Amino acid sequence: MYSILIVDDEIRAVRGVLASIDWPMIQIDQPFTAYSMKQAKAVLSEQDVDILICDIEMPNGSGIDLLNWVNANCPDVISILLTCHADFEYARQAVQLGVIEYLLKPVHANELKAALLKAIKILEDSKLQSEAQSSYRHYFQLWSENQMLIEEHFWLDLIDGPTEVDPDQIHEQLNRIDHLELEDLLFQPVLFSIRGYPDETDQDQHKQIVNALRSSIQDRMFQQVEHGQVIPIKEDMVLILTPFESSDLFEMASSLARWEQFIDDQKQTQGIDITCYCDKPVKIHEIPRQLRHLLDTDRNNVIWKHKVINSLDQSVTVANIQIPLMTGWSDLLSLGEQHDLIREINQSLNALAMTDGFGSVHLRTFYHNFMQIVYSVLQKKGVNIHDVFDEQALSSIGFAEIQTIDDLRALSLLVVNRIANHFKSLRLSQTLVEQIKKFISDDIVNNPTREEIASRFFLHPDYLTRKFKKETGMTLSEYFAQERIRIAKDILINSSMPISDVVSFVGYSNMSHFSKIFRKATGMNPLDFRKNKKDEAKGKN
């Protein structure tokens with residue numbers, strides 16, 4: 001069904017039009033009516049109107065004025081004009097405004113019906129055309145998405161395949177996906193390796209960051225470039241393939257500068273460290289070999305975390321480098337000489353960083369040799385590594401967290417300081433337990449947890465528990481209970497503090513629970529205990 005608006009300043013004229021047509025017969029709902037340009041605008045603004053029948057001669061805004069407004073605000077409305085005068089100027093303006101019929105009043109019912117059927121035919125043709133265009137767009141979108149998927153699979157298969165690729169095979173594959181034009185292009189391979197995420201971000205957030213990085217590359221670098229590719233390689237790596245015409249001049253310097261600006265922007269906006277490796281443009285069949293070179297370059301980069309590197313200048317040959325013997329390091333660690341040990345570690349790492357050919361294999365060897373010393377010293381001291389490091393700290397000192405020499409330097413500093421501080425606490429163990437006891441007594445009103453006590457004295461909670469039981473013969477909870485009763489007895493004897501306040505002061509929230517424990521320890525409830533002790537004091541006097 002279609003909707004119609006009848007506009008005429010004469011009420012009888014509007015009623016005549018309403019009565020002359022069987023509206024449902026021609027697929028029109030109950031018509032809207034208006035008696036001025038102002039009323040017509042209100043209806044058109046609030047209702048969906050398909051057809052407009054309008055008188056030309058109206059006060060306070062003619063039909064021509066209304067049609068101008070309709071064309072500007074409701075361009076899909078089909079208009080029919082009514083007039084009492086066969087004025088050529090009116091007719092000319094009506095044609096210019098796209099009116100489909102120009103009828104003289106009083107209009108005959110058959111003429112009006114014919115004009116309305118003509119309007120409905122125009123609306124139906126427009127609807128069919130719109131549906132056809134929508135269907136075309138839908139199928140074109142499906143075809144485009146399928147083509148994109150086919151092309152994406154081509155690139156993924158290419159980089160996941162063998163390093164050496166037969167150009168004839170590439171030709172056949174490109175022909176199969178209807179992209180032979182790619183054979184005439186050179187592609188510059190650029191590898192992005194994310195080497196640092198913002199603090200306090202988890203794996204899901206890392207994935208979101210990588211997806212945002214890919215979108216940013218696509219939007220900023222390939223807006224005007226056809227066949228540019230942004231391909232995920234590993235969890236923290238993205239391969240960019242920038243196409244060039246074979247005849248294009250290529251400047252590595254400008255490419256390096258462009259990517260340097262890009263990774264600096266990513267550092268500022270997303271807080272990520274990216275090392276970017278650029279290589280020379282090559283034919284499609286050469287891309288897998290270039291990618292292997294870029295991956296090897298990244299694997300052997302143990303210096304840079306945020307930099308653009310020309311991989312043509314980088315050697316991937318692993319040199320035969322002698323890792324320091326670490327002589328005397330175990331003695332320094334065992335004696336707690338952390339400053340001397342850290343100085344020697346820094347000197348060794350600085351020397352290695354200046355050595356050509358130093359790569360990830362040497363970084364790994366240094367790490368394992370160092371950690372072997374750590375485990376050996378702890379074993380000789382009879383200390384379990386879990387006494388020194390909690391689970392979170394242990395995960396942070398694994399080799400998986402090390403990418404550069406600076407990462408290894410930071411890890412070594414953390415390990416040496418933690419162990420030195422632990423050994424120092426062992427030497428002061430007896431004094432330490434006494435300090436813990438005093439801390440518990442002084443802070444018993446706040447009911448400190450085991451973790452809070454351990455943190456106060458730089459100990460692992462499990463180690464604190466074992467050490468306290470070994471030195472005192474009781475667990476922390478047993479000591480807490482004993483100390484609460486001791487403090488409560490002292491307050492009951494030497495003050496008039498209300499018993500409810502005594503209960504709160506020693507860390508209990510329930511009076512009956514405290515009374516039960518107190519009776520078990522002393523043989524009487526708190527009130528009787530206070531009375532008994534005060535009576536004893538009076539008797540002595």
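With the dipole of the chain worked out from charges on the C-beta (+1 for Lys and Arg, -1 for Asp and Glu) around the Cα centre, which of ALA42, PRO281, LEU459 lies farthest toward the positive end?
The Cα lying farthest towards the positive end belongs to LEU459.
To the nearest 20 debye, what is the magnitude of the charge dipole of region 387-433 about its Cα centre, counting +1 on the Cβ of each Lys and Arg and -1 on the Cβ of each Asp and Glu?
Numbers: 4 positive and 6 negative charges, 69 e Å.
I would put it at about 340 debye.
Expressed as a fraction of 2.2 N^0.38 Å, the rule-of-thumb size for a compact globular protein of N residues, what is the C-alpha radius of gyration of the chain? Can you show the working numbers first?
Values: Rg = 43.1 Å, N = 541, 2.2 N^0.38 = 24.0 Å.
Here the Cα radius of gyration is 1.79 times the empirical estimate.
Restricting things to alpha carbons, find the Rg to Rh ratio for region 308-444 using the Kirkwood radius for Rh. The partial results should precede the final answer.
Numbers: Rg = 18.6 Å, Rh = 17.0 Å.
Here Rg/Rh amounts to 1.09.
Size of the dipole of region 163-251 about the Cα centre, Lys and Arg at +1 and Asp and Glu at -1 on the beta carbon, nothing else charged, in debye to 20? Each step should come with its number before you reach the end.
On the way: 6 positive and 19 negative charges, 76 e Å.
Around 360 debye, computed over region 163-251.
Give me the extension gain from GLN133 to ASP356: residue separation times 0.36 nm, minus the current Cα-Cα distance, reported in nm with one decimal. Let's see the in-between values first.
Values: separation 223, 0.36 × 223 = 80.28 nm, distance 6.44 nm.
Once the chain is fully extended between GLN133 and ASP356, it gains 73.8 nm.
Enter the angle in degrees (range 0 to 90, nearest 10) between the Cα long axis of helix 526-540 and the first principal axis of the Cα atoms of the chain, meaning the one along which they spread out most.
Compared with the principal axis, the helix lies near 30 degrees.
Please find the FRET efficiency linking ASP125 to GLU226, where r is the Cβ-Cβ separation and R0 is fixed at 51 Å, and quote it to the nearest 0.05.
Working: r = 37 Å, r/R0 = 0.73.
About 0.85, to the nearest 0.05.
Can you tell me how much longer the chain between ARG519 and LEU18 gets when fully stretched, taken as 0.36 nm per residue apart minus their C-alpha distance, in nm with one decimal?
Working: separation 501, 0.36 × 501 = 180.36 nm, distance 9.92 nm.
Going from the current span to full extension adds 170.4 nm.
Quick check: the distance between the Cα centres of region 237-309 and region 441-501, to the nearest angstrom?
Result: 60 Å between the Cα centres.
Can you tell me how region 208-323 classifies by the Cα gyration tensor, rounded, prolate or oblate, using a/c under 1.5 as the rounded cut? Intermediate values should be presented prior to the final figure.
Working: a/c = 1.73, a/b = 1.19, b/c = 1.45.
Since a/c reaches 1.5 but b/c is at least a/b, the shape of region 208-323 is classed as oblate.
With the alpha-carbon atoms as the only input, what is the per residue convex hull volume for region 408-490 in Å³? If you can, show how the numbers build up before the last one.
On the way: hull volume 7.5 nm³, N = 83.
Cα-based convex hull of region 408-490, divided per residue, equals 91 Å³.
Tell me the accessible surface of HIS513 in square angstrom (1.4 angstrom probe, heavy atoms of protein chains only), to the nearest ten.
Here the residue's solvent-accessible area equals roughly 90 Å².
Looking at the square roots a ≥ b ≥ c of the eigenvalues of the Cα gyration tensor of region 278-385, which shape do they give, rounded for a/c under 1.5, prolate if a/b is larger than b/c, or oblate?
Values: a/c = 3.53, a/b = 2.72, b/c = 1.30.
It is prolate, given that a/c is not under 1.5 and a/b is the larger ratio.
How much area per residue is accessible in region 161-301 when the probe is 1.4 Å and only protein heavy atoms are counted (Å²)?
Counting only protein heavy atoms, the per-residue value for region 161-301 is 50 Å².
At 1.4 Å probe size, with no ligands or nucleic acids counted, give the accessible surface of VAL43 in Å², nearest ten.
That residue has around 30 Å² of solvent-accessible surface.
Below 27 Å, Cα to Cα, which lysines can LYS437 reach? Residues fewer than 8 away in the same chain don't count.
Filter leaves LYS381, LYS424, LYS467, LYS469, LYS470, LYS489, LYS516, LYS520, LYS533.
May I ask you to derive the FRET efficiency for MET237 and THR472 from their Cβ-Cβ distance with R0 = 45 Å, giving the value to the nearest 0.05?
Values: r = 54 Å, r/R0 = 1.21.
For MET237 and THR472, the calculated efficiency is 0.25.
Rounded, prolate or oblate: which fits region 258-305, taking a ≥ b ≥ c as square roots of the Cα gyration tensor eigenvalues, rounded meaning a/c under 1.5, else prolate when a/b beats b/c?
On the way: a/c = 3.22, a/b = 1.66, b/c = 1.94.
Oblate, since a/c reaches 1.5 and b/c is not below a/b.
In degrees, nearest 10, range 0 to 90: what is the angle between the Cα axis of helix 476-494 and the longest Cα principal axis of the chain?
Computed tilt is about 70 degrees.
When the helix-only estimate is applied to the chain (DSSP H runs of n ≥ 4, each -39,500 (n - 2.57), divided by the residue count), what is the mean residue ellipticity at 222 nm, nearest 500 deg cm²/dmol?
Working: 22 runs with 316 residues, N = 541.
Taken over the chain, the calculation gives -19000 deg cm²/dmol.
Based on the alpha-carbon gyration tensor of region 456-541, what equivalent-ellipsoid semi-axes (square roots of 5 times the eigenvalues) come out, in whole Å, largest first? Intermediate values should be presented prior to the final figure.
Working: eigenvalues 184, 40, 28 Å².
After scaling each eigenvalue by five and taking roots: 30, 14, 12 Å.
Relative contact order (percent) for the chain, with alpha-carbon contacts under 8 angstrom and 6 or more residues of separation? All intermediate terms of the calculation are to be shown ahead of the outcome.
Values: 590 pairs, mean separation 44.2, N = 541.
Relative CO of the chain lands at 8 percent.
Students often forget the sequence filter, so: which lysines lie under 24 Å Cα-Cα from LYS267 once same-chain residues fewer than 8 apart are removed?
LYS207, LYS234, LYS305, LYS307
Normalised by the number of residues in region 396-541, what is the relative contact order in percent for Cα pairs under 8 Å and 6+ residues apart?
Numbers: 73 pairs, mean separation 22.8, N = 146.
It comes to 16 percent, rounded to a whole number.
In region 48-76, whose amide N lies under 11 Å from the spot 7 Å out along Cα-to-Cβ of SER36? List them in ranges.
The answer is 59-61, whose backbone nitrogens lie closer than 11 Å to the label point.
For GLN268 and THR365, FRET efficiency with R0 = 35 Å and r from the beta-carbon atoms, rounded to 0.05?
Working: r = 36 Å, r/R0 = 1.03.
Computed FRET efficiency for THR365 and GLN268: 0.45.
For the Cα atoms of the chain, what angle does the longest principal axis make with the long axis of helix 429-442, in degrees from 0 to 90, nearest 10?
Between the helix axis and the principal axis of the chain, the angle is about 60 degrees.
Percent of accessible area on the chain owned by carbon and sulfur, 1.4 Å probe? Present the calculation step by step, with values, prior to reporting the outcome.
Working: 15050 of 30270 Å².
Carbon-and-sulfur percentage of accessible area, whole number: 50.
Could you name the lysines in cross-link range of LYS118, using Cα to Cα under 18 Å and dropping any fewer than eight places away on the same chain?
Correct list for LYS118: LYS127.
The values are calculated or read from the model by the stated rules, or taken from the named source; none is laboratory data. For clarity, every value in this text was computed on a predicted model and none was experimentally measured. Note: ideal-geometry Cβ built from the backbone for every residue, glycine included; neighbour counts use all protein chains shown. Accessible surface areas use protein heavy atoms only, side chains included; no ligands, DNA or RNA. Shrake-Rupley method; radii C 1.70, N 1.55, O 1.52, S 1.80 Å.
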